[in-house]
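Quick notes on the structure that follows.
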Amino acid sequence: RSQLKQLQKHYGITSPISLAAPKEFDCMLTQKLIETLKPYGVFEEEEELQRRILILGKLNNLVKEWIREISESKNLPQSVIENVGGKIFTFGSYRLGVHTKGADIDALCVAPRHVERSDFFTSFYEKLKQQEEVRDLRAVEEAFVPVIKLCFDGIEIDILFARLALQTIPEDLDLRDDSLLKNLDIRCIRSLNGCRVTDEILHLVPNIDNFRLTLRAIKLWAKRHNIYSNILGFLGGVSWAMLVARTCQLYPNAIASTLVHKFFLVFSKWEWPNPVLLKQPEECNLNLPVWDPRVNPSDRYHLMPIITPAYPQQNSTYNVSVSTRMVMVEEFKQGLAITDEILLSKAEWSKLFEAPNFFQKYKHYIVLLASAPTEKQRLEWVGLVESKIRILVGNLEKNEFITLAHVNPQSFPAPKENPDK
């Protein structure tokens, strides 16, 4: 009966590849995987988790208090003020439940229609400034997705802002509802996107715990193998999450040890540039630009499309180049070979997480040194330089004598012999 139900509601745009349930050996291997992951700090202690929940609760109360104050200053009726609401939503690795120790939290402040974006960057910013737990407060109002960054009681938090066309913000608001996007400012739509995508992913996997454990393993593997970086043309957290989610859809009853193996199987054999989709894209008549190679010629050049499941659908991997895809596909094949061995008891999980030596891999290297007179300037300068490295790689790829340009996402402190660099 349950098998039948499973077939009736399958997750994803195709039927599952296998409905096989885990065997005792798979459970044992999954236990071993957990033990192997622990020393890498991928699991957070319960008390650290409770601390984050407490901090988010405080922030949520600040948001509600701030929105009430604004509502009063704008002379709204008392009945509205009492139920005006306002809420902090989280997204990214924390919301997916796969954040590592000490990771930052991505948050979104949702406000009703009478609260302006300018209020968020003035009166809410001031309110945060007055909190004793808040350090390193800075606003980046001009960014593509405007943000307030801060450190609250030792936890780094980025807060985005979205103003909805609602008079009040109900507690049980579901941000996946497309009708919320009607008549919104593009910056609000962009700010909502992170939450909408994260929530969709969680609703599109058959078993959230199996998804989480598999994703933790894959993220650690990608970091150890130097292929975790959206900005440098590899994949960022959301893209890895979508690949793992697709694997879970194809093997809905499998547990983590099997899913990690199947992940490498599916994506070492994937015929790029066929897109990875978690659900059929729906048209929503809001006329926002969506990823569609039939309509947008530029989308036809994307090498490794992984499409976000929430409207407006985007390709989360437009930075991928010929070289970075080549490096990643090679790593998928290596991962498959290693997990094949693990499933045959010829190797341990630790082999999958061994960091290869980047500096023994190739014959020629380019060193890029970014220096600035002060620490504050250095941080900004390094950020700018990092965002342009893709362009260098693109130019190297155009050289007929270069088959591959592999950037190491790890950065290193400047060599000591010349301390003023």
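The values are calculated or read from the model by the stated rules, or taken from the named source; none is laboratory data. The structure presented is a predicted model; accordingly, all values stated were derived computationally and were not measured. Backbone-built Cβ (ideal geometry, glycine too); neighbour counts: all protein chains shown. Heads up: the accessible areas ignore ligands, DNA and RNA and are worked out on the full protein's heavy atoms, side chains in. Shrake-Rupley method; radii C 1.70, N 1.55, O 1.52, S 1.80 Å.
Of all residues in region 89-126, count the ones that are of a type in the set (Lys, Arg), in a helix (DSSP H, G or I) and out of contact with any strand residue (DSSP E or B) (no Cβ under 7 Å at 6 or more places or on another chain).
So the count comes out to 1.
Return a yes/no flag: does region 105-112 have any residue that is in contact with a helix residue (DSSP H, G or I) (Cβ under 8 Å, 6 or more places away or on another chain) and exposed (fewer than 12 other Cβ atoms within 10 Å of the Cβ).
Looking through region 105-112, none of the residues is in contact with a helix residue (DSSP H, G or I) (Cβ under 8 Å, 6 or more places away or on another chain) and exposed (fewer than 12 other Cβ atoms within 10 Å of the Cβ).
Kindly provide the set of residues from region 195-217 that are within 13 Å of the chain's Cα centre (by Cα), crowded, with 22+ Cβ neighbours inside 10 Å and not polar (S, T, N, Q), ordered by number.
Passing the criteria: CYS195, ARG196, VAL197, ILE201, LEU215, ARG216.
Residues of region 18-76 being closer than 30 Å to SER345 by Cβ, assigned to a helix (DSSP H, G or I), of a type in the set (Phe, Trp, Tyr) and in contact (Cβ under 8 Å) with a residue 12 or more places away in the chain, which ones?
If the condition is that a residue be closer than 30 Å to SER345 by Cβ, assigned to a helix (DSSP H, G or I), of a type in the set (Phe, Trp, Tyr) and in contact (Cβ under 8 Å) with a residue 12 or more places away in the chain, then TYR40 is the only one that fits.
Name the single residue, out of those in region 192-213 being among the polar types (S, T, N, Q) and assigned to a helix (DSSP H, G or I), that is nearest to CYS109 (Cα to Cα).
ASN193
Table: residues versus (1) outside any helix (DSSP H, G or I); (2) of a type in the set (Lys, Arg); (3) closer than 22 Å to ALA405 by Cβ.
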{"position": "TRP272", "(1), (2), (3)": "yes, no, yes"}
{"position": "CYS284", "(1), (2), (3)": "yes, no, no"}
{"position": "ASN287", "(1), (2), (3)": "yes, no, no"}
{"position": "LEU303", "(1), (2), (3)": "yes, no, yes"}
{"position": "ASN319", "(1), (2), (3)": "yes, no, yes"}
{"position": "THR324", "(1), (2), (3)": "no, no, yes"}
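Is one or more of the residues making up region 33-40 modelled with pLDDT under 95, closer than 26 Å to ILE201 by Cβ and open to solvent by 50 Å² or more (accessible area, probe 1.4 Å)?
No, there is no match, as no residue in region 33-40 is modelled with pLDDT under 95, closer than 26 Å to ILE201 by Cβ and open to solvent by 50 Å² or more (accessible area, probe 1.4 Å).
For region 339-352, which positions are surrounded by fewer than 19 Cβ atoms within 10 Å (Cβ to Cβ) and either part of a helix (DSSP H, G or I) or at positive phi (or both)?
Selection gives ASP340, GLU341, LEU343, SER345, SER350, LYS351.
For region 112-164, how many residues are touching a residue at least 40 places away in the same chain (Cβ under 8 Å) and among the acidic types (Asp, Glu)?
The qualifying residues number 6.
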